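The values are calculated or read from the model by the stated rules, or taken from the named source; none is laboratory data. Keep in mind the model is a prediction, meaning the values are calculated, not measured. Note: ideal-geometry Cβ built from the backbone for every residue, glycine included; neighbour counts use all protein chains shown.
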């Protein structure tokens, strides 16, 4: 039985930016990877389209980690087509997905030098990320939002979502050293580099991991275009209780960590 988590912003998971027509990924460039062998080897692919992908390249991978129903037709897959990213784990399968944007072809190890391509700092990314969970029939689903300046200067946020809703994460919060090493509410961890937080004005790479370590079995996830949200729009918080945690969007008149 398939379990589904649907995430959209704009109409889908949207990394929101300012009023300029920027984007991270419109998911119009087709991509597909599938792994049906539970081992330590991921299956990867690269798509190239400067018109719809920030930096011109999108790298994707999936790795089947656990499989209680082994067979050639039991797999984890990531399928991008027609403006939607679909991440699917068959019954009995638990896998992890990865999407990476760093301006070069091929999955790169972002913990070492050289994995940051041409860099993304030429792009106007505005001031915030947002995403909307439209439906969720699992008890929870975890993922990461990772932003890098270089291998030593980054912020990796691991979150868990338990209900539908729209969330906002401000760039200023990703740059806030006081939040490094913390966990609260739906924020499972905030990890920063040895040289500090990401500098969003000098962005070298973006990355997201889905279903960390294959924790949820038989989970399906759908994500729409990662695109812009005009400033100075106010995005209401619905869902994971991030308002209380502070890692969320609030009206501009509010003060404090993780506010819009």
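Brief remarks on what is shown
- The residues on offer are 53, 65, and the sole one that is farther than 26 Å from residue 214 by Cα, modelled with pLDDT of 90 or more and crowded, with 16+ Cβ neighbours inside 10 Å is 53.
- Members of segment 14-34 found to be at pLDDT 85 or above and over 20 Å from residue 109 (Cα atoms), listed by number: 25, 26, 27, 28, 29, 30, 31, 32, 34
- Test: residue in segment 224-232 that is buried (at least 20 other Cβ atoms within 10 Å of the Cβ), at pLDDT 65 or above and part of a loop (DSSP other than H, G, I, E, B): yes
- Breaking point among (1) under 17 Å from the mean Cα position of the chain (by Cα); (2) buried (at least 19 other Cβ atoms within 10 Å of the Cβ); (3) modelled with pLDDT of 95 or more, for residue 179: (1)
- Residue in segment 80-99 that is touching a residue at least 12 places away in the same chain (Cβ under 8 Å), under 23 Å from residue 148 (Cα atoms) and part of a loop (DSSP other than H, G, I, E, B) present: no
- Of the residues screened, residue 110 is one that is buried (at least 18 other Cβ atoms within 10 Å of the Cβ) and in a loop (DSSP other than H, G, I, E, B).
- Of 118, 159, all but one fail to be part of a loop (DSSP other than H, G, I, E, B) and either in contact with a helix residue (DSSP H, G or I) (Cβ under 7 Å, 6 or more places away or on another chain) or at pLDDT below 90 (or both); the exception is 118.
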